[in-house]
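Here is the structure we will look at, set down as structure tokens.
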Amino acid sequence: MNAPPPTQKKGRKVDQVLQGARDIFLTQGFANANMDAIAKLAQVSKATVYSYFPDKQSLFIEVVKNECAQKTDFALEAINHNAHIERVLIQAANHIIRFMLSDFSLRVFRICVAEADRFPELGQHFYQNGPQLGQRTLCTLFQSAIERGELAIKDKTLAADQFIELCKADLWARSILGITAEFDDTEIERVASGAVETFMARYAAPTS
């Protein structure tokens with residue numbers, strides 16, 4: 001059965017529930033998490049939790065949606081949209097890589113894979129609010145650069161997916177498999193620079 005749409009309710013108690021659920025999901029996973037533990041950590045009654053979220057799936061989905069939206073808004077505010085696209089992409093790559101390597105992203109990805117057979121909607125919503133949101137955001141940045149004559153792209157969606165995959169080089173596989181837990185700025189900047197250089201070699205608009 002598909003989970004109901006995420007709630008649109010806001011307020012202090014909703015924030016408490018989301019924070020409590022976030023902590024429980026990240027430490028206990030999805031299967032082992034329960035509404036009693038979430039309510040206790042959020043310092044609200046279980047009835048309050050259920051008044052906002054009818055089940056564990058809808059609560060997990062809202063946690064993912066909330067976190068991804070916050071990270072996207074932060075990245076967009078930090079990026080200098082008036083800079084040349086190469087500089088914009090360096091900033092974007094740094095945010096993408098750091099989010100993909102974050103404890104939240106890694107743990108949620110593992111949860112979605114582990115629960116893919118029983119609860120495929122978890123992965124669906126993580127994809128929509130994570131990778132697909134990043135894809136749409138990049139397409140908007142690309143369009144501005146195309147209009148300025150800095151990029152030549154026919155398929156912006158494909159180009160966005162390619163850029164995101166370039167940002168995964170080396171570090172993400174080592175991180176998701178638990179081989180390396182932390183990376184320093186030099187390692188992240190190396191991958192970000194390589195991603196942008198490769199992308200620009202393919203999509204930079206020809207100069208006259």
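Within segment 30-71, the set of residues being closer than 23 Å to residue 97 by Cα and not hydrophobic (A, V, I, L, M, F, W, C) comprises 62, 65, 66, 67, 70, 71. Mind listing just one residue for me: the one in segment 133-165 that is crowded, with 17+ Cβ neighbours inside 10 Å, touching a residue at least 60 places away in the same chain (Cβ under 8 Å) and of a type in the set (A, V, I, L, M) and, of those, nearest to residue 112 (Cα to Cα)? Going through the qualifying residues, I end up with 164. Considering only residues of segment 49-98 that are among the polar types (S, T, N, Q) and touching a residue at least 60 places away in the same chain (Cβ under 8 Å), which is nearest to residue 168 (Cα to Cα)? Across segment 49-98, the extreme among qualifying residues is 94. Is it the case that residue 197 is in contact with a helix residue (DSSP H, G or I) (Cβ under 7 Å, 6 or more places away or on another chain) and not in a loop (DSSP other than H, G, I, E, B)? No, not satisfied.
The residue that is surrounded by the fewest Cβ atoms within 10 Å (Cβ to Cβ), among those in segment 171-192 that are touching a residue at least 24 places away in the same chain (Cβ under 8 Å) and either charged (D, E, K, R) or assigned to a helix (DSSP H, G or I) (or both), is 189. Evaluate the following for residue 69: is it assigned to a helix (DSSP H, G or I), modelled with pLDDT of 95 or more and within 19 Å of the chain's Cα centre (by Cα)? No, not satisfied. From the residues in segment 53-66 that are assigned to a loop (DSSP other than H, G, I, E, B) and touching a helix residue (DSSP H, G or I) at 6+ places or on another chain (Cβ under 9 Å), which one is surrounded by the most Cβ atoms within 10 Å (Cβ to Cβ)? If we take residues in segment 53-66 being assigned to a loop (DSSP other than H, G, I, E, B) and touching a helix residue (DSSP H, G or I) at 6+ places or on another chain (Cβ under 9 Å), then 53 is surrounded by the most Cβ atoms within 10 Å (Cβ to Cβ). The single condition among (1) at pLDDT below 95; (2) in contact with a strand residue (DSSP E or B) (Cβ under 7 Å, 6 or more places away or on another chain) that residue 182 does not satisfy is (2). One residue stands out among those in segment 117-132 that are in contact (Cβ under 8 Å) with a residue 60 or more places away in the chain and part of a loop (DSSP other than H, G, I, E, B): the one that is farthest from residue 70 (Cα to Cα), which is 119. Restrict the check to segment 156-170 and report whether at least one residue is under 17 Å from residue 72 (Cα atoms), part of a loop (DSSP other than H, G, I, E, B), touching a helix residue (DSSP H, G or I) at 6+ places or on another chain (Cβ under 7 Å) and not aliphatic (A, V, I, L, M). Among the residues of segment 156-170, at least one is under 17 Å from residue 72 (Cα atoms), part of a loop (DSSP other than H, G, I, E, B), touching a helix residue (DSSP H, G or I) at 6+ places or on another chain (Cβ under 7 Å) and not aliphatic (A, V, I, L, M), which makes the answer yes. Kindly establish whether residue 17 is crowded, with 20+ Cβ neighbours inside 10 Å, under 21 Å from the mean Cα position of the chain (by Cα) and closer than 30 Å to residue 189 by Cα. Spelling it out, it is not the case that residue 17 is crowded, with 20+ Cβ neighbours inside 10 Å, under 21 Å from the mean Cα position of the chain (by Cα) and closer than 30 Å to residue 189 by Cα.
Taken as a whole, segment 76-94 holds no residue that is within 11 Å of the chain's Cα centre (by Cα) and surrounded by 14 or more Cβ atoms within 10 Å (Cβ to Cβ). All conditions but one from (1) under 27 Å from residue 95 (Cβ atoms); (2) aliphatic (A, V, I, L, M); (3) not assigned by TED's automatic domain parsing to the domain that holds residue 92 apply to residue 39; the one that does not is (1). For segment 68-90, the condition of being hydrophobic (A, V, I, L, M, F, W, C) and closer than 15 Å to residue 127 by Cβ holds for at least one residue.
The values are calculated or read from the model by the stated rules, or taken from the named source; none is laboratory data. Computed from a predicted structure; not experimentally measured. Note that each Cβ is placed from the backbone with ideal geometry, even for glycine, and that neighbours are counted across all protein chains shown.
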